[in-house]
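Input: a single structure, listed below in structure tokens.
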Amino acid sequence: MKIAFVGKGGSGKTTLSSLFVRHLAVGGVPVIAVDADINQHLGAALGLEEAEASALPAMGDRLPLIKDYLRGTNPRIASADTMIKTTPPGEGSRLLRVSEDNPVYDACARPVELDGGAVRLMVTGPFTDADLGVACYHSKTGAVELCLNHLVDGRDEYMVVDMTAGSDSFASGMFTRFDITFLVAEPTRKGVSVYRQYKEYAHDFGVELRVVGNKVQGPDDLDFLRAEVGDDLLVTVGHSDWVRAMEKGRPPRFDSLEPTNRHALDVLRAAADSAYERRDWERYTRQMVHFHLKNARSWGNERTGVDLAAQVDPGFVLGESVAASV
């Protein structure tokens, strides 16, 4: 399952995505966690020391390796240099699987031990003053989008992506790459403003969006969220002494997380798992091609000097059956 966490800055998006990753890891299922936020905090939220988190290999710095591997023997792609972030797979492309070992994971992923479980952590890399601006941000996350385009994940396999805060997530087609998107919202007017933006964008592309109410302190907060987001409200999360200890760098064992918050994580997993039954690989591939052609026309053809529309394999549909035959 490909799962995104989005929300405004300060909503608790990274904290909740890290809790969900821990929840999956303790359950013993294979997980890849990806920090695609401008503010790189997922590693610390998963318990890494500052030096460990800063030493994680940046996917953006290894984009040539990622492109070269994913290109494989695809005859429609003349060279890895002509691949852009939206390049779709085709006959001959190498596909990624959550549980396998491959050169992309060797270069970009590092194992993180979590209460007896383990996940692979991948990060876009830190953003510097030279990286400011939406265009530069999306050059960093292009590696994540390429991996999502080439990922074939099955039941009980998870890639969890902590997306950038606010509406910047819509500046590329990456917001359509997920089976389900959890939008973390506080019970405030600002807290639900990103929900309205995301709902508008998501509607046109069939994106499955569910709201996680965070920092909910009582019935008034719950009533406010229900009035603002309606049936999209999936579950709420309240105060957590466990999270407070984690933020101080002293997290207790995960099984001591409050029962109400453990229940909320169960609800998130159940929602993600149910999305598997509604997968439509043909639509997924069609949307992938849509955004690739859009990017080709707007900037890709000019930047690469080739007609990127020729990279589209019209007979190819990404899916688990394709992965099984490779």
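The values are calculated or read from the model by the stated rules, or taken from the named source; none is laboratory data. Just so we're clear, the structure is a prediction, and the values are computed from it rather than from any experiment. Quick reminder, even Gly has a Cβ in these numbers, built from the backbone with ideal geometry, and neighbours come from all protein chains shown. Accessible surface is based on the protein model in full, side chains and every heavy atom, while ligands, DNA and RNA are left aside. Shrake-Rupley method; radii C 1.70, N 1.55, O 1.52, S 1.80 Å.
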Contact list please: Cβ distance under 6 Å, first residue in region 178-195 and more than 13 Å from Gly7 (Cα to Cα), second residue open to solvent by 10 Å² or more (accessible area, probe 1.4 Å) and not in a helix (DSSP H, G or I), pairs at least six apart or on different chains. Ile180/Glu208
Select the helices (runs of 4 or more DSSP H) contained entirely in region 204-305, then report the ones holding at least 2 residues which are closer than 21 Å to Ile180 by Cβ. 219-229, 259-276, 281-295
With the condition being open to solvent by 40 Å² or more (accessible area, probe 1.4 Å) and modelled with pLDDT of 95 or more, I'd like the helices (runs of 4 or more DSSP H) fully within region 1-91 carrying at least 2 qualifying residues. 63-71
Closer than 22 Å to His41 by Cβ, in contact with a Gly (Cβ under 7 Å, 6 or more places away or on another chain) and polar (S, T, N, Q), is that true of Asn214? yes
The residue from Arg262, Arg196, Arg253 that alone is basic (Lys, Arg) and over 24 Å from the mean Cα position of the chain (by Cα) is Arg253
Is it the case that some residue within region 195-211 is surrounded by 12 or more Cβ atoms within 10 Å (Cβ to Cβ) and out of contact with any helix residue (DSSP H, G or I) (no Cβ under 9 Å at 6 or more places or on another chain)? no
Can you tell me which of Val322, Val306 is of a type outside the set (Lys, Arg), in contact with a Ser or Thr (Cβ under 8 Å, 6 or more places away or on another chain) and within 26 Å of Val144 (Cα to Cα)? Val306
Of the residues in region 272-312, those that are acidic (Asp, Glu) and in contact with a Lys or Arg (Cβ under 6 Å, 6 or more places away or on another chain) number 0
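Residue by residue, here is whether (1) surrounded by 13 or more Cβ atoms within 10 Å (Cβ to Cβ); (2) under 28 Å from Ala25 (Cβ atoms); (3) of a type in the set (D, E, K, R) holds:
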position	(1), (2), (3)
Phe224	yes, no, no
Glu258	yes, yes, yes
Leu265	yes, yes, no
Ser298	no, no, no
Gln311	yes, no, no
Only one of (1) under 17 Å from Leu121 (Cβ atoms); (2) not in a loop (DSSP other than H, G, I, E, B) is not met by Ser99, so which one is it? (2)
Look through Glu247, Glu320 and report the one residue that is at pLDDT below 95 and either touching a Gly at 6+ places or on another chain (Cβ under 7 Å) or surrounded by 16 or more Cβ atoms within 10 Å (Cβ to Cβ) (or both). Glu320
With respect to Ala78, determine if the residue is of a type in the set (A, V, I, L, M) and closer than 30 Å to His263 by Cβ. no
Is it the case, given these coordinates, that Arg283 is in contact (Cβ under 8 Å) with a residue 40 or more places away in the chain and under 22 Å from Val31 (Cβ atoms)? no
In region 124-175, residue surrounded by the most Cβ atoms within 10 Å (Cβ to Cβ) [restricted to those that are modelled with pLDDT of 85 or more, in a loop (DSSP other than H, G, I, E, B) and among the aliphatic types (A, V, I, L, M)]: Met163
Quick check, is Phe178 assigned to a loop (DSSP other than H, G, I, E, B) and touching a Phe, Trp or Tyr at 6+ places or on another chain (Cβ under 9 Å)? no
Among the candidates Ala245, Ala309, Ala227, Ala272, single out the residue that is among the aliphatic types (A, V, I, L, M) and touching a residue at least 60 places away in the same chain (Cβ under 8 Å). Ala272
